[in-house]
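See below for the structure under consideration.
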Amino acid sequence: MDKANVYFTSFKATGQENLLQKLHRLMKTAGFENIDFQEKYAAIKIHFGEYGNLAFLRPNYARVVADYVKELGGKPFLTDCNTLYVGSRKNALDHLETAYVNGFSPYQTGCHVIIGDGLKGTDEAIVPIDGEYVKEAKIGQAIMDADILISLTHFKGHEMAGFGGALKNLGMGCGSRAGKMEQHCDGKPSVNQAACVGCGACQKICAHAAPEIADGKAVINHDKCVGCGRCLAVCPKDAIAADFHDSIAVLNCKIAEYSYAVCKERPCFHISLICDVSPNCDCHAENDIPIIPDVGMLASFDPVALDQACADLCNQMPPIAHSVLDENIKELHEDEDHDHFHMTHPDTEWKSCIAHAVKIGLGTNAYELIRI
Ligand code: SF4
Ligand code: SF4
C-alpha cells in the first residue's frame, strides 16, 4: 500500500490565524472538501469527557468541524455511545447531561448531540465483517445511519489500549454496550455478589433467562447469556459488569476490527488533536498531569496512518516533570524504545492494534507527514 498523507500543524498561533482557523485550514488542506456533503448526514464521533475530567477536547473545535460540514451542505451531529462502566455517561440521558455540562450544547457547537446507541445502549446496527476476532460488529445505530463519518479525537494515553487515538475513538467508542462487551471480553457479564440485592430486574429484562437468582443473589448463566448488555443498564446497584479478561493484544485486534466495521463503505475523515495528553482516557472522572507537552493537530483520510503519526510525534516529545511518564522513567531507570505510552502504562502495548488494522486493510502505517 502507498504511503498515506497525514497533515500536521502545531499549536503555534498568531494574530493573523488562531487555532480554530488553523484547524479549518488543516482540514481544507487535507482534502475535506473532496467529500460530497450535500444533504448528507455527517456523524462527528467525539468523546464528551466524563464529568470531572477536564482534558477532553474543547467544544470550540467541534464547532469548527460542524460549521465546515454545514458550509459544504451537510447535516452534522456530534455523537458517542454509552459506556460499559458506571459513570456519568452510562445511559443517553446522563450522557447528554454530561455533554451539555461539558459545553457540547447546540448553542456552543452549532449542532445537536445524538447518543449513538440510544437510551440504554442497546440501539445497535449489526455490521457483518467476518473478521478474525469479530464476525458481526455491534455499532451504535445512529452512527451507522450517518452517510459520512468524521472522527474528532483527543489523542491521549489509555490504561488498556496504550493510547486513545482515532482507532480507539472509532472501534471502542462506536460500539454499542454489547459491542463494547465483545471487545473487552467474550461478551458475557457477571454479577458482583456483594453488591447484588436480588431485586430481579436483570431477570425481568433478559430475553434469554440467563440471570438466575438463588439465596437472594443473581448469577448469570453464561451458557444462556448472549451478551446483549441489557441487564447492565437496569441493575439499580450497578452490580453487573463485563468481565475484562481478554488480553491486551486481543482487545487491540478487536478494536481494529470494530474500526473497520465503522468505516467500511462510506466516506470517512479523521482528525486528532494532541493536547492535554493525560495518561488515562477521558472516561476517567479526573485528569492527571499531561505526560508530554502539546504537539499539534493532525488530519488524514487514513485512521491507521493518523494514529501511527500521532504516536511517533508524541514519542519525540520530552516527558513533563512529575507526570506518570516522568515518574515511571525515573523509577524503572529505562525508556524502552522511547515509547512514552508503554512507559506510562507498562502493562499495555499499542502496536498490535495498528498492526492488525494494517493486516485487515483498514489503512497503512506508512505515511508522509505534511506540515502546513
Ligand atoms: S438487577 Fe442487579 S441487584 Fe437486581 S438481581 Fe440483578 S444483579 Fe442483583
Ligand atoms: S447480557 Fe443480555 S443475555 Fe446476558 S444476562 Fe444480560 S440481559 Fe441476559
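The values are calculated or read from the model by the stated rules, or taken from the named source; none is laboratory data. Nothing here was measured: the structure is a model prediction, and the numbers come from that model. For neighbour counting, all protein chains shown are included, and Cβ atoms are generated from backbone atoms with ideal geometry for every residue, glycine included.
Within the stretch 231-250, residues that are closer than 11 Å to residue 201 by Cα and modelled with pLDDT of 80 or more have Cβ atoms under 9 Å from residues that are of a type in the set (S, T, N, Q) and within 7 Å of ligand 1 (Cβ to nearest atom) in these pairs: 231/203, counting only partners at least 6 apart in sequence or on another chain. Looking at the stretch 187-204 only, could you name the residues that are under 16 Å from residue 230 (Cβ atoms) and under 28 Å from the mean Cα position of the chain (by Cα)? If the condition is that a residue be under 16 Å from residue 230 (Cβ atoms) and under 28 Å from the mean Cα position of the chain (by Cα), then 187, 188, 189, 190, 191, 202 are the ones that fit. Condition test on residue 143, is it in the same structural domain as residue 313 (by TED's automatic domain parsing), surrounded by fewer than 23 Cβ atoms within 10 Å (Cβ to Cβ) and over 22 Å from residue 53 (Cα atoms)? Judged against the criteria, residue 143 is not a match.
Is it true that some residue in the stretch 165-181 is within 16 Å of ligand 1 (Cβ to nearest atom) and outside any helix (DSSP H, G or I)? Scanning the stretch 165-181 turns up no residue that is within 16 Å of ligand 1 (Cβ to nearest atom) and outside any helix (DSSP H, G or I). Restricting attention to the stretch 193-230 and to residues that are near ligand 1 (Cβ under 8 Å from one of its atoms) and in contact (Cβ under 8 Å) with a residue 40 or more places away in the chain, the residue that is surrounded by the most Cβ atoms within 10 Å (Cβ to Cβ) turns out to be 196.
Look at the stretch 5-33: where a residue is closer than 13 Å to residue 271 by Cα and a partner is among the small types (Gly, Ala, Ser) and not in a strand (DSSP E or B), sitting 6+ places away or on another chain with Cβ atoms under 6 Å, you get 6/305; 6/309; 7/30.
Candidates 372, 329, 354: the one that is among the β-branched types (Val, Ile, Thr), surrounded by fewer than 17 Cβ atoms within 10 Å (Cβ to Cβ) and under 29 Å from residue 12 (Cβ atoms) is 372.
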